[in-house]
Amino acid sequence: MAKTNKSQEEIACEAIKHALKALRKRHLLEEAAHGPAVLALSRPFVSQGSEWKEKAENLQVELQQCYKAQSRLSEQLVVEVAESRASKALVQEKENAVADLQKELTELRDECSQLKEDLEEKFKSLEVLVSENTELKAQLQQMTTKANKAEAENKMLIDRWMLEKMKDAERLNEANALYEDMVEKLKASGLEQLARQQVDGIVRQSEEGAEFFLESNIPSTCKYRLRAHEGGCASMLFEYNSSKLITGGQDRLVKMWDTNTGSLSSTLHGCLGSVLDLTITHDNRSVIAASSSNNLYVWDVHSGRVRHTLTGHTDKVCAVDVSKISSRHVVSAAYDRTIKVWDLVKGYCTNTIIFHSNCNALSFSMDGQTIFAGHVDGNLRLWDIQSGKLLSEVAAHTSAVTSISLSRNGNFVLTSGRDNLHNLFDVRSLEVCSTLKAAGNRVASNWSRSCFSPDDNHVAAGSADGSVYIWSISKGDIVGTLKEHTSSVLSCTWSGIRKPLASADKNGVVCVWT
């Protein structure tokens, strides 16, 4: 490139020299041509004529024009040399740009080749994936077929299981009828105590030992009027085979009362919201509270400390129950449209049931495998706790279900609703056996709880007018009306040892009835 630049400069210099030489030569020729005229002019003008004078002037003008032409050519030559140098610089830039572009083109060609190789590899991988997808689809089809077959078999087994349960229930009913007949006969012969202990070997048992089955008396007198909670008491229950009462209120406290003396035994702290429902394990060791703080709290009764805080619901928890055959499994319902099954030993949720209608109340079946759930849409639903599947469904009320209670023999389930009715369902057929109602009885809230008596012969339910109504199941009539509360009664519970009956109202007052 340097040689090329040098040769071009040399060429330009030679061109300038050649032009100067040509101009000098022309100048010499013109001087030679005009020589005679100059000599003539140098002579006296007297001897010359006007013609020579005129020629001299013309030649002088022509000489000046030649000088001017020479000057213009020199200027033009300088401009052309400058333009030539600029053109050389531009050519150099263009050559550099071309070299860069050629280098970039080479790199792009290499990159294009690499991309082609990658594309070929991708196509091969895609073919492998398509082949695997086809195989997986075939496997999925096979698994779907197996699942459908297993579901059909499962349904058949459930039907058989329900049939066996019905047969067992019928046998139990027959045994209960035989038991009642024997008791009546033995009562007549003065051997009532022996009948309770030995007839057909039937003995009521708890986890701690045998408990005798006693008929419930109809309470009529308010023995204690306890100012239990500030802001209302929505839930309470008795310990198993005990007269000790447990209450929970909007003041975020759970309290334990001795109903024999009307005194406060202990207070459980740690709940961060209003207590909406309570349950207790069958060994009376753990109390579990459903709270408006979206959590469940498990206390150790002996130490009074929170053993577990069960988290997972995203809205207030309004119902809770513990399995009747195990103190390990707990079920809860919240206003996030879920029902959750919990393992108390591990302290976490083992199954979640999602449904479009919120559940207000629930209860475990006697075998601990089924959940009875009362929903806001008024329906009673049975759920399998293992699979989370809906087993059965029945329209229980025209408004929201507020309470679910299972009879102690497991044959009947009691539902209460905002339609002010209390329905008794046969567990085997889910048919209504009896509907209990009263002119003045009005269910006060979505979580108003009713209850069975210990002998399953009576039902107690609170009313918005502050009364507690007691029905005879066999007659379907009211056998007692208790009046002591000054505000809506939200919850009733009957002790498992025949007495007492307890009720709680919206002002947090608890009445103990005998």
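Of note:
- Only one residue of ALA32, LEU129, THR145 has its Cα farthest out toward the positive end of the dipole of the range 21-161, where Lys and Arg carry +1 and Asp and Glu -1 on Cβ, and that residue is ALA32.
- Evaluated with a Cβ-only charge set (Lys, Arg +1; Asp, Glu -1), the chain carries a dipole of roughly 1020 debye about its Cα centre, given to the nearest 20.
- Positive-end residue, the chain charge dipole about Cα centroid, Cβ charges, pick of SER405, LEU264, GLY312: LEU264
- Relative contact order for the range 222-513, counting Cα pairs under 8 Å that sit 6 or more residues apart, in percent: 15
- Distance distribution P(r), the range 320-469, all Cα-Cα pairs, bin width 5 angstrom from 0: 2, 10, 20, 23, 20, 14, 7, 3, 1, 0 percent.
- Accessible surface ranking for LYS324, LYS146, 1.4 angstrom probe, highest first: LYS146, LYS324.
- Each 5 Å bin from zero holds the following percent of Cα-Cα pairs in the range 222-513: 1, 6, 14, 18, 21, 19, 13, 6, 2, 0.
- Separation of alpha-carbon centers, the range 385-444 and the range 128-146, rounded to whole Å: 46
- In the range 364-514, Cα pairs under 8 Å separated by at least six residues give a relative contact order of 13 percent.
- Computed from the Kirkwood radius of its Cα pairs, the Stokes-Einstein diffusion coefficient for the range 428-501 at 10 °C and 1.306 mPa s stands at 124 µm²/s.
- Surface accessible to a 1.4 Å probe, CYS112 within the full protein complex, Å²: 60
- Modelled spin-label separation between MET143 and GLN76, with each label point placed 7 Å from Cα along the Cα-to-Cβ direction: 9.3 nm.
- Taking the chain and dividing mean pair separation by its residue count, relative contact order in percent (alpha carbons under 8 Å, at least six apart): 10
- Each label was represented as a point 7 Å from its Cα along the Cα-to-Cβ direction; for SER326 and LEU172 these points are 1.9 nm apart.
- Note on the chain: percent of Cα-Cα distances in each 10 Å bin, starting at 0 and stopping at the bin with the largest distance, equals 3, 14, 19, 15, 7, 4, 3, 3, 3, 3, 4, 4, 4, 4, 4, 3, 1, 1, 0, 0.
- Apportionment of accessible area to carbon and sulfur, the chain, percent (1.4 Å): 53
- Among CYS13, CYS66, the order of accessible area from largest down is CYS13, CYS66, computed with a 1.4 Å probe on protein heavy atoms.
- Surface listing: ILE473, ILE218 arranged by accessible area from highest to lowest gives ILE218, ILE473, probe 1.4 Å.
- With 32 Å as the limit on Cα-Cα distance, the pairs of LYS223/LYS346; LYS346/LYS506; LYS17/LYS88 that go past it are LYS223/LYS346; LYS346/LYS506.
- Global geometry of the range 252-352, whether rounded, prolate or oblate, following the gyration tensor of its Cα atoms and the 1.5 cut on a/c: prolate
- Calculated FRET efficiency for the pair ARG85/LEU28, C-beta based, R₀ 30 Å, to 0.05: 0.40
- Counting only protein heavy atoms and a 1.4 Å probe, the chain has 56 square angstrom of accessible area per residue.
- Principal-axis tilt of helix 50-188 within the chain, Cα atoms, nearest 10 degrees: 10
- In this view, the solvent-accessible surface of LYS149, computed with a 1.4 Å probe and all protein chains in place, comes to about 120 Å².
- Charged-residue dipole, Cβ positions (Lys, Arg, Asp, Glu), the range 222-513 about Cα centre, Debye nearest 20: 460
- Rounded to 10°, Cα long-axis angle of helix 2-42 versus longest principal axis of the chain: 30
- Legend: calculated FRET efficiency, ASP283 to GLU184, from the Cβ-Cβ distance at R0 = 30 Å, rounded to 0.05, equals 0.30.
- Given their separation in residues at 0.36 nm each and the Cα-Cα distance between them, THR309 and ARG160 gain 49.7 nm when the chain is fully extended.
- Rounded accessible area of TYR348 (nearest 10 Å², 1.4 Å probe): 110
- Dipole of the chain, positive end: most advanced residue of THR493, HIS282, PHE355 [Cβ charges, Cα centre]: THR493
- Comparing the range 293-380 with the 2.2 N^0.38 Å rule of thumb, its C-alpha radius of gyration ratio is 1.06 (two decimals).
- The chain, helix-only ellipticity at 222 nm - DSSP H runs n ≥ 4, -39,500 (n - 2.57), divided by all residues, nearest 500: -14000 deg cm²/dmol
- Treating r as the C-beta distance of LEU391 and SER474 and R0 as 41 Å, the FRET efficiency rounds to 0.90.
The values are calculated or read from the model by the stated rules, or taken from the named source; none is laboratory data. Note that this is a predicted model, so its numbers are computed, not measured. Note that each Cβ is placed from the backbone with ideal geometry, even for glycine, and that neighbours are counted across all protein chains shown. Calculation scope for accessible area: heavy atoms of the full protein, side chains included, ligands and nucleic acids excluded. Shrake-Rupley method; radii C 1.70, N 1.55, O 1.52, S 1.80 Å.
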